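To keep things clear, I will list the structure first and then write my remarks on it.
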Amino acid sequence: MLGSISLDKTTRRVSLRAKALMIFSILLAPGCLGSDEEIDVFYGEDIVPPRATPDFVLFDQNGDPVAFNDYLGDVVVVAFLFTRCPDVCPQVSANMAWIGNELGDNLGTEVHLLSITVDPWYDNSSVMQNYAYDRGLEWPHLSSDLETMEPIWRSFDVGLETYANDTDGDGTVDGFDLCPDTPEGEQTDADGCGVETQQSEGDVQTMHHPLYYIDHTTGTIIVDRAGNQRVYWGDFVWNADMVLDDIMALVEESA
């Protein structure tokens with residue numbers, strides 16, 4: 001449940017997770033696990049075997065270069081988003097902000113947050129700056145050109161598709177269009193519905209969504225101090241308390 005966490009509760013949860021990690025280390029000893037047995041240490045999905053994160057350099061919302069290897073030695077929480085995402089991305093950002101607040105002095109010392117775009121066609125540093133500023137988000141929001149971004153997406157196992165279909169030709173792509181049969185030539189609102197024939201009274205808007213739609217199958221990945229991707233949390237199954245537990249487990253693991 002979202003909310004403040006007392007020091008006693010934090011200490012207790014870290015202690016319990018530390019014990020789990022100790023058991024995990026013991027189980028890794030030869031002969032303790034069969035080859036077909038799965039290891040489940042974290043509340044999120046364990047990435048087994050851990051996946052190494054290659055170094056990369058992207059630009060933050062201020063236009064400054066950020067190198068991933070600069071964070072080696074600390075735990076890094078990496079989320080993927082795009083600024084025109086209409087649903088889950090703002091919620092993931094809000095969850096990340098809550099995590100940052102709960103981390104207290106650990107944020108920026110033991111743990112770092114990163115948000116990386118999946119829409120380099122639109123999300124330049126200026127756009128990312130506006131997105132972060134409007135929501136009071138202070139950690140790096142990273143972007144670059146498509147050629148730079150693609151190997152990074154692959155290294156985090158990001159699935160990405162873009163859709164530019166506009167069946168009724170009203171200027172709102174099908175992924176956002178709530179009225180796919182708008183009469184030809186009629187002005188539409190943000191949902192792709194005609195302002196003359198497809199509106200409820202008093203509900204008229206004229207701002208369009210972007211001319212393409214992005215579907216990214218990913219989540220938030222927690223990377224350990226050695227740069228290995230260890231935990232995966234899907235965007236739609238986030239539990240902020242448990243994500244925080246997994247982060248603190250990795251902080252404790254190598255402290």
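Which residues, counting only those in region 54-84, are in a loop (DSSP other than H, G, I, E, B) and under 17 Å from Leu250 (Cβ atoms)? Hits for region 54-84 are Leu72, Gly73, Asp74.
Of everything in region 168-177, what is surrounded by 13 or more Cβ atoms within 10 Å (Cβ to Cβ) and either modelled with pLDDT of 75 or more or not β-branched (Val, Ile, Thr) (or both)? Give them in sequence order. Result: Asp168, Asp170, Gly171, Asp174, Gly175, Phe176, Asp177.
Close contacts from region 56-75, counting a first residue that is at pLDDT below 95 and a second that is not aliphatic (A, V, I, L, M), with Cβ to Cβ under 9 Å and a gap of 6+ residues or different chains, come to none at all.
Filtering region 219-239 to residues that are surrounded by 18 or more Cβ atoms within 10 Å (Cβ to Cβ) and part of a helix (DSSP H, G or I) leaves only Asp235. Restricting attention to region 54-85 and to residues that are of a type in the set (S, T, N, Q) and in contact with a helix residue (DSSP H, G or I) (Cβ under 6 Å, 6 or more places away or on another chain), the residue that is surrounded by the most Cβ atoms within 10 Å (Cβ to Cβ) turns out to be Gln61. Can you say whether Tyr122 is modelled with pLDDT of 95 or more, out of contact with any Phe, Trp or Tyr (no Cβ under 7 Å at 6 or more places or on another chain), farther than 21 Å from Asp235 by Cα and surrounded by fewer than 23 Cβ atoms within 10 Å (Cβ to Cβ), as far as the supplied structure shows? So Tyr122 fails the test.
The values are calculated or read from the model by the stated rules, or taken from the named source; none is laboratory data. Source: prediction; values computed, not measured. FYI the Cβ positions are ideal-geometry reconstructions off the backbone, even for glycines, and counts take in every protein chain you see.
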